[in-house]
Amino acid sequence: MGTGGAASQRAQDARRQERLLREQWQAARRQALRRDAVGEGEQRVLAQLLVLTARGWRLLVDRQWSGTRTADADMLLVGPGGVFVIGVTAGGEPGDVHAAGMLAATKAAESAVASLGMSPVAVQPLMVFAGRRLDANLGRIRLLGEHEIGPVLISQRHRLRAESIRAIADHLERVFPAYAGSAIDQQMTSPAHEGHRQSSSDGLFDLEGLRDAVLKGAMRAPIEQWMTFLHPDQVALVRRNWSGPARISGPAGTGKTVVALHRAAHLARRTTGRILYVTFANNLPRVQSTFLKAMAPAVADRVDFRSLHSWAQDFLQERGVPVRLHGDKAETAFSLAWKHVGRGSRLAELDPAPTYWREEIDYVIKGRGLTRFEQYATVPRRRRRAGLHRTHRQAVWELYETYESLRGERGVHDFNDILSLALAEATRRRERPPYSAVIVDEVQDLTLVGVRLLHALVGDEPNGLLLVGDGQQTVYPGGFRLTDAGIDIRGDRGQVLRTNYRNSRQILDAALTVVADDTFEDLDGMRTPGRRDVDLTYHDGDVVRVTRPTVEAHDRELLDALRSLPDGALADTALLCPSMRAITHYQRLLTQAGISVCQLEHYDGHAVDLVKLGSYRRAKGLEFKNVFLPQHDTVFASGTAGGTATPETAREREELLRSMLFVAMTRARDLLWLGGVTG
């Protein structure tokens, strides 16, 4: 169809939509006029809501708010955008809203739908002012004028399908029965024979705004169902009052991040302060911020999504503490330190690769905030396999001191210094906490100093600190226990999720095979087997294994598999690699094949019809329908390079590599493609 034909079709669609809305409005207006007990303004608002019922929404009026005496709301509306608790007033002012009654009704509705597995973020309180134009917020309550209510509701992102709307509305009808004689007939017919054509400017409602909202809403893709629905046990975690720091753990795919996002929205609605949602990776905060804006747009601006180091740098700048972060110069300082005192020491007998000893400094010494050799001499080196005698530790400490001296001469900081400086500043000046709550995702990736810093921001305040993560998905060396950070998770403040909502049995079994023999120590100090028991809810998924004798043949199979995906599937497809070299190779291969790519480090959570390309580590915290792991078998070949490492250090490297591969494999929901090369 040409440009003119497409424009003509759009104009016809708009006219048809407008005609339908006029007919629905006329039928709704007649229904509202039968409500003699309400004024004309309330009738106009009711008519707009009845228009929505002609489009699949369900309206429940004059409900008995069972179980609470303080609830005060006029209607419940259930539709694609969720559940809305609505109050209507004529001639009032925004300051006259009975907020306590509206919030009590909202809380009652949240409790009612929680048994269906519905998240509280999908229940929203609205106060509508007849005869006014208004769009504002009073805390959690959104204030709307009668002209705004229709367009706002229709333009809501779609959370619920038709069958869900029916089930939820039926449930709410049972929980909150109507008063006798208050029901209204929502079975409207379109008066096609109606001769009167009402003007869009007759004051009844903004027909043009409503029509535009309908057209825009029709073009939006519905958000993922998991953003609204949680298991009832997860809903309870979202809404729970914790008496102090809390932790949520569980195997891959059990919805830890989803629960954390819902928790952020829940706290933002119920506190006046800001919420800090922090993780280690730089790319995750952008994605998580996008998800929260889709889930709970009314409170999304109250949650700060940050990577830990980025937040710490800004915190130090605000406090006037000078920071001179320079990774390259710090790396040069370590290389010189290794050359001067490391290469010829006893350390090379255990592992000649300087990387292992740089990690020892980063994760054991500086990562734990050790400043004296006596501390390092006796500290448990959690998740480090090489056994170090005192002479070895003395050699490590000499390497550390030489590195620190050379770094200081260059006048630069490394990433560990940023966290140590921020911790010292937060401890030195205990001002009013800048945040009401701190949520830490992928906590197992942080160092001990990083966790201490975040704990210092909120202390042991109720609902202050929530730690989310899984020790099996650790992709960095070293470790610690929460007790080392002074964090005591008592009783039910430590919760474990055990139901996998993402992976099929085939995909999960393939991933668990990789780590089945690797026990791991979680932050609570418990040794846990690699193959953990988990319940599954998702059953459709495939594992495709392709092995070819050459890279060229392997890559042809990969391109064929990508091209065979359905239209639009690339928007939910990731191609993950173990190294930057592999990423560069597949960036070039896909581009030359005409397959568009989005680097994971630039991905922000919005749906784009591009293959997401990145490293195994960059994929942490994300999920995709289709995951391709080309040449995944080479990850272990690269990990054993160097050859002269002791069995202990080699084993440690291989365990981390298996953990990274496990993380990459468990990102897949529908398809896991595993490529290998035999030659």
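The values are calculated or read from the model by the stated rules, or taken from the named source; none is laboratory data. Note that the coordinates shown come from a computational prediction; the quantities given were computed from them, not determined experimentally. Methodologically, a virtual Cβ is constructed for each residue, glycine included, from the backbone with ideal geometry; neighbour enumeration extends over all protein chains shown.
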Give me the pairs: first residue in segment 593-621 and in contact (Cβ under 8 Å) with a residue 12 or more places away in the chain and closer than 23 Å to Val440 by Cα, second residue buried (at least 19 other Cβ atoms within 10 Å of the Cβ) and hydroxyl-bearing (Ser, Thr, Tyr), beta-carbon distance under 7 Å, and six or more apart or on different chains, which are they? Gly621/Thr257; Gly621/Thr279
Could you go through segment 450-465 and let me know if any residue there is out of contact with any helix residue (DSSP H, G or I) (no Cβ under 7 Å at 6 or more places or on another chain), outside the structural domain of Thr371 (by TED's automatic domain parsing), under 30 Å from Val515 (Cα atoms) and of a type outside the set (A, V, I, L, M, F, W, C). no
Identify, by number, the condition in (1) in a helix (DSSP H, G or I); (2) surrounded by fewer than 16 Cβ atoms within 10 Å (Cβ to Cβ); (3) in contact (Cβ under 8 Å) with a residue 24 or more places away in the chain; (4) of a type in the set (Val, Ile, Thr) that Val635 doesn't meet. (2)
Looking for whichever is surrounded by 20 or more Cβ atoms within 10 Å (Cβ to Cβ), among the basic types (Lys, Arg) and within 22 Å of Asp417 (Cβ to Cβ) here; the options are Arg372, Arg384, Arg368. Which one fits? Arg368
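Yes/no matrix, rows are residues, columns are (1) buried (at least 19 other Cβ atoms within 10 Å of the Cβ); (2) at pLDDT 90 or above; (3) more than 26 Å from the chain's Cα centre (by Cα):
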site	(1), (2), (3)
Met580	no, yes, no
Tyr586	yes, yes, yes
Glu601	no, yes, no
Leu613	yes, yes, no
Tyr616	yes, yes, no
Asn626	yes, yes, no
Ala645	yes, no, yes
Glu648	no, no, yes
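One line per residue, one yes/no per condition, for (1) within 24 Å of Pro434 (Cα to Cα); (2) crowded, with 18+ Cβ neighbours inside 10 Å; (3) touching a strand residue (DSSP E or B) at 6+ places or on another chain (Cβ under 7 Å); (4) in contact (Cβ under 8 Å) with a residue 60 or more places away in the chain:
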position	(1), (2), (3), (4)
Tyr277	yes, yes, yes, yes
Ala281	yes, yes, yes, yes
Leu292	yes, yes, yes, no
Lys339	no, no, no, no
Glu359	no, yes, no, yes
Go through (1) closer than 19 Å to Glu173 by Cβ; (2) in contact with a Phe, Trp or Tyr (Cβ under 7 Å, 6 or more places away or on another chain) and name the single condition His147 misses. (1)
Looking at segment 107-128, is at least one residue surrounded by fewer than 18 Cβ atoms within 10 Å (Cβ to Cβ), at pLDDT 85 or above and either of a type in the set (Gly, Ala, Ser) or more than 16 Å from Phe84 (Cβ to Cβ) (or both)? yes
Count - residues of segment 372-387 that are modelled with pLDDT under 90 and assigned to a helix (DSSP H, G or I): 0
Considering only segment 256-328, give the helices (runs of 4 or more DSSP H) lying wholly within it that have at least 2 residues that are in the same structural domain as Leu465 (by TED's automatic domain parsing) and basic (Lys, Arg). 256-270, 284-295
Just a yes or no: is a residue in segment 312-329 under 22 Å from Glu409 (Cα atoms), in contact with a strand residue (DSSP E or B) (Cβ under 8 Å, 6 or more places away or on another chain), aliphatic (A, V, I, L, M) and surrounded by fewer than 18 Cβ atoms within 10 Å (Cβ to Cβ)? yes
Look at segment 326-350 and say how many of its residues are touching a Leu at 6+ places or on another chain (Cβ under 9 Å), farther than 15 Å from Ala386 by Cβ and of a type in the set (S, T, N, Q). 1
